[in-house]
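Asker: I have a structure here, written as structure tokens, and I will follow up with some questions on it.
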Amino acid sequence: SDLADGLTRRIEGLGASVSESLFEPVIRLGVTGLSRAGKTVFITSLVANLLDRGKMPALTGQSRIRAAFLQPQPDDTLPRFAYESHLADLTGQNPHWPEGTGAVSQLRLSFRVAPSGMLAGMRGMRTVHLDIVDYPGEWLLDLGLMEKSYRQWADEAFNRLAMRGGEAYLALARQTDPDQRHDEPVADALARSFTQYLQAAKAAGFSDCSPGRFLLPGEKAGSPALTFAPLPPSEAPRGSLAREMERRYDAYKREIVRPFFRDHFARIDRQVVLVDVLSAIHAGPAALEDLRQTMADILGAFRPGRASWLTSLIGGHRVERILFAATKADHLHHSQHARLSQIMQALLREAKDRADFAGAKTQALAIAALRATTEAEIPQGDSLLPAVRGRLPDGRNVALYPGELPEDPAQLLSAARRGREDWLAGDYSIMNFAPAPLALRPGDGPPHIRLDRAAEFLLGDRL
Ligand code: GDP
């Protein structure tokens with residue numbers, strides 16, 4: 001009877017998933033971006049605003065949403081996005097930023113949607129599920145490793161190490177004989193030193209700091225598949241350190257990168273890629289140039305023409321829309337927003353050219369998922385500087401002038417290639433506003449900038 005029970009349950013389970021996909025459509029929205037791009041704040045504010053909808057005119061203008069509610073997600077083994085505690089962090093008595101994304105998580109938001117079209121009067125309300133999948137952009141960039149051998153990867157890593165201040169690791173690698181017998185403390189010391197270099201490169205503003213799990217290991221921290229590092233070319237005899245490093249690199253690709261793409265990435269319908277463009281501009285030309293190339297790598301993942309292993313995982317499934325959103329637009333006075341949008345658009349256009357992209361519908365926007373500032377003008381001589389006012393973490397309420405973005409994005413990008421830097425100096429380096437205390441009226445979500453437009457592009461046609 002155990003067997004019969006199990007069988008009945010399986011058939012019921014099958015029935016549920018079939019009827020769900022037939023009558024209750026599911027939209028899987030991927031949310032990604034590098035660490036600190038703003039994924040956690042974006043999802044929290046998006047969900048709060050979709051639940052309340054008072055501040056979503058661009059979406060609810062034509063929308064047929066009649067109700068929105070949270071439901072248990074369908075994937076029992078995936079961590080749930082901690083929406084309630086993140087919202088409490090942002091909107092509680094003493095508002096502060098929540099802890100950012102460290103691994104993949106999911107949340108299901110369901111809508112009751114009014115019927116549309118000619119037969120609208122004859123049809124009842126529909127339910128549409130939105131499954132939001134939050135995952136680190138660092139993991140997406142690991143795609144670039146899949147078709148590289150250990151040797152190719154290590155050679156590239158050494159080139160980068162030399163250009164990005166990796167002297168400490170280079171010195172350690174030079175002292176190490178790659179053909180010595182494998183010894184775990186040696187492997188561990190190399191991996192640690194290499195991770196420190198990646199962390200420093202990330203802190204200096206570089207976008208592509210793969211292997212992504214070295215920065216965000218998730219639950220695999222400390223496993224052999226995460227304990228490897230590049231070594232100079234050698235004979236690599238059996239049992240040697242170099243041979244073991246190569247074996248672990250291959251395990252990383254097979255056991256960590258591939259399953260992530262198969263289980264999460266392959267099922268996404270709509271994608272938002274959040275980009276902290278302002279920080280990259282502030283960090284200087286090398287960081288911006290790196291961001292430019294990284295965007296092409298990200299776009300390439302969504303049109304896996306040549307990457308045959310990925311095509312075979314994804315099958316016929318397609319991502320239909322990709323939004324690239326420059327986050328934290330509330331760091332700028334609104335008179336600068338158009339320039340930020342134009343820079344994001346120029347980056348997207350270049351990425352499309354580089355990635356030879358002809359897949360999903362794309363758009364670029366400048367947004368703030370949670371607006372932490374108000375606008376202010378600071379008198380300077382005869383003129384007024386367009387500034388923003390907010391609360392610093394130490395409690396001071398200050399108006400700061402972030403500097404000015406260039407009028408022509410092409411100018412910025414070509415200056416980045418030539419290595420010039422004089423944008424967003426001003427007070428930008430100390431801009432670290434805390435979320436403002438909120439007094440929300442019933443039905444109002446947290447304040448934002450163009451989050452409704454982001455939602456309209458990503459979901460408007462389905463809701
Ligand atoms: P994640 O690592 O991608 O999940 O990034 P988070 O969502 O944790 O955001 C990282 C940090 O960026 C936050 O702690 C905030 O300091 C800042 N941030 C994110 N979104 C906004 C925004 O809309 N406005 C402002 N002013 N800061 C933001």
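Asker: Report the net charge of residues surrounding residue 269, where surrounding means a beta-carbon distance below 11 angstrom and charges are Lys +1, Arg +1, Asp -1, Glu -1. Let's see the in-between values first.
Answerer: On the way: positive: 28, 267, 270, 318, 321, 462; negative: 131, 320.
Surrounding charge for residue 269 is +4.
Asker: Amide H neighbours of residue 445 under 5 Å, counting only residues 5+ apart in sequence or on other chains, H built in-plane at 1.01 Å?
Answerer: 53, 54, 55
Asker: Separate question: In whole Å, how far is the Cα centre of the stretch 30-64 from that of the stretch 272-336?
Answerer: Between the Cα centres of the stretch 30-64 and the stretch 272-336 lies a distance of 18 Å.
Asker: Output wanted: per-residue J couplings in Hz (rounded whole) for the stretch 212-222, from phi through Karplus 6.51 cos²θ - 1.76 cosθ + 1.60, θ = phi - 60°, x for Gly and Pro.
Answerer: With the stated coefficients, the stretch 212-222 comes to x, 6, 5, 8, 10, x, x, 7, 8, 3, x Hz.
Asker: Counting pairs of alpha carbon atoms under 8 Å apart in space and at least six apart in sequence, what relative contact order in percent does the stretch 147-257 give? Before the final figure, lay out the partial values.
Answerer: On the way: 108 pairs, mean separation 40.4, N = 111.
Value for the stretch 147-257: 36 percent.
Asker: Span-like helices, the chain: DSSP H, alpha-carbon axial extent 18 Å or more, mean Kyte-Doolittle 0.0 or greater, which ones? Intermediate results must be reported in sequence, preceding the final value.
Answerer: Values: long enough: 2-23 (31 Å, 0.14); 39-52 (20 Å, 1.13); 150-163 (20 Å, -0.81); 184-203 (28 Å, -0.07); 285-301 (25 Å, 0.22); 337-354 (26 Å, -0.68).
Qualifying helices: 2-23, 39-52, 285-301.
Asker: I would also like to ask the following. So, counting K/R as plus one and D/E as minus one, what does the shell of residues with Cβ under 11 Å around residue 251 add up to?
Answerer: Numbers: positive: 220, 247, 248, 253, 254, 258; negative: 244, 246, 250, 255.
Combined, the nearby Lys, Arg, Asp and Glu give +2.
Asker: So, one more: Which of the lysines could a cross-linker span from residue 352 if the Cα-Cα distance has to be under 23 Å and same-chain partners fewer than 8 positions apart are dropped?
Answerer: Once the sequence-local lysines are set aside, what remains near residue 352 is 39, 148, 361.
Asker: Give the longest segment of the chain that steers clear of GluC sites (Glu not before Pro) in DSSP loops with at most 12 neighbouring Cβ atoms within 10 Å, not counting the sites themselves. Walk me through the intermediate numbers first.
Answerer: On the way: sites that count: 99, 235, 407.
Free of exposed loop sites, the longest segment is 236-406.
Asker: For the stretch 61-191, give me the percentage of DSSP beta bridges that are antiparallel, rounded to the nearest 5 percent. Mind showing how you got there, number by number?
Answerer: Details: 15 of 16 bridges.
That works out to approximately 95 percent antiparallel.
Asker: Next question. Round to a whole angstrom and tell me the spacing of the C-alpha centers of the stretch 367-426 and the stretch 199-232.
Answerer: Each part's Cα centre sits 32 Å from the other's.
Asker: Which cross-chain or sequence-distant (5 or more) residues have an amide H under 5 Å from the amide H of residue 240, H modelled 1.01 Å from N in plane?
Answerer: Close amide H contacts, sequence-distant or interchain: 182.
Asker: From Cα pairs below 8 angstrom and at least 6 apart in sequence, can you work out the relative contact order of the chain, rounded to a whole percent? Could you put the intermediate results ahead of the total?
Answerer: Details: 816 pairs, mean separation 88.4, N = 463.
Reported relative contact order: 19 percent.
Asker: For residue 80, enumerate residues with amide H under 5 Å from its amide H, sequence gap 5+ or separate chain, H modeled in the peptide plane.
Answerer: For residue 80, whose amide H was placed from the backbone, the distant partners under 5 Å are 106.
Asker: I need 391, 441, 349 ordered by Cβ neighbour count within 10 Å, fewest first. Present the calculation step by step, with values, prior to reporting the outcome.
Answerer: On the way: 391 17, 441 7, 349 13.
Fewest to most other Cβ atoms nearby, the residues stand as 441, 349, 391.
Asker: Oh, and also: Roughly what % antiparallel, to the nearest 5, for the DSSP beta bridges in the chain? If you can, show how the numbers build up before the last one.
Answerer: Numbers: 29 of 53 bridges.
Here the share of antiparallel DSSP bridges comes out near 55 percent.
Asker: How large is the helix-only mean residue ellipticity at 222 nm for the chain, computed as the sum of -39500 (n - 2.57) over DSSP H runs with n ≥ 4, divided by its residue count, in deg cm²/dmol to the nearest 500?
Answerer: Value at 222 nm, helices only, nearest 500: -12000 deg cm²/dmol.
Asker: Under 14 Å Cα-Cα from residue 55, which aspartates and glutamates qualify once same-chain neighbours fewer than 8 residues away are excluded?
Answerer: 444, 452, 456
Asker: Counting just the Cα atoms, what span does the stretch 308-378 cover along each of its three principal axes? Round to the nearest Å and put the largest first.
Answerer: 56, 24, 16
Computed from the coordinates by the stated procedures, all read-outs in this text should not be read as laboratory data. Since the structure is predicted, the reported quantities are computational estimates derived from the model, not experimental observations. Backbone-built Cβ (ideal geometry, glycine too); neighbour counts: all protein chains shown.
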